[in-house]
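Below: one structure, written as structure tokens.
The values are calculated or read from the model by the stated rules, or taken from the named source; none is laboratory data. Since this is a predicted model, take the numbers as computed values, not measurements. So basically every Cβ, Gly included, is an ideal-geometry build from the backbone, and we count neighbours across all protein chains shown.
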Amino acid sequence: MIGRKSATALNGFLDRGAKFEGTLTFQDVFRIDGEFKGTILSEQELVVGDAAVVEGEIRVGRLAVSGTIKGKVFAKERIEIHAGARIYAELHTPALTVEEGAVIQGPVETGPATAKK
């Protein structure tokens, strides 16, 4: 999903119009196109679709964002922010890619040391 073909499959999905509040854990790849409020924990990949609104703390291996995120994000490998994404969050990741047209408001920490958090 993030800039490469992945051998892992999508194992969860929160569709448009759906709302969830709480703690989410998953394996492989999870996609959110609805609204989520709470904590997300995984060593794998989270995809935030263009209609999604995610609020809270995110701790994942990889993150691809096309929608809106509010809160704190810790990605062990990388964060990819696509055009049209709106990020109102604190970002911590060793690698960050931002496409033109994305909005980021909040502190950003990148580099190898961030992978240890």
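General observations
- If the condition is being crowded, with 19+ Cβ neighbours inside 10 Å and closer than 20 Å to D33 by Cα, then the range 83-113 contributes A85, I87, A89.
- Residue that is among the acidic types (D, E), touching a residue at least 12 places away in the same chain (Cβ under 8 Å), closer than 21 Å to T110 by Cβ and part of a strand (DSSP E or B), where the choices are E80, E21: E80
- Qualifying residue in the range 86-95 (condition: part of a helix (DSSP H, G or I) and of a type in the set (S, T, N, Q)): no
- The one condition in (1) in a strand (DSSP E or B); (2) free of Cβ contacts under 8 Å to residues at least 60 places away in the same chain; (3) out of contact with any Gly (no Cβ under 8 Å at 6 or more places or on another chain) that F36 fails to fulfil: (3)
So that you can scan it fast, the table gives a plain yes or no per residue for (1) farther than 18 Å from I40 by Cα; (2) out of contact with any Phe, Trp or Tyr (no Cβ under 9 Å at 6 or more places or on another chain); (3) among the β-branched types (V, I, T); (4) at pLDDT 95 or above:
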residue: I79; (1), (2), (3), (4): no, yes, yes, yes
residue: H82; (1), (2), (3), (4): yes, yes, no, yes
residue: A95; (1), (2), (3), (4): yes, yes, no, yes
residue: V108; (1), (2), (3), (4): yes, yes, yes, yes
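- Residues being crowded, with 21+ Cβ neighbours inside 10 Å and among the aliphatic types (A, V, I, L, M) are represented in the range 33-40 by at least one member.
- Count of the range 65-77 residues which are in a strand (DSSP E or B) and more than 15 Å from K37 (Cα to Cα): 5
- Hits in the range 96-114 (condition: assigned to a strand (DSSP E or B) and touching a Pro at 6+ places or on another chain (Cβ under 9 Å)): T110
- Filter pass, G67 being of a type outside the set (V, I, T) and touching a residue at least 24 places away in the same chain (Cβ under 8 Å): yes
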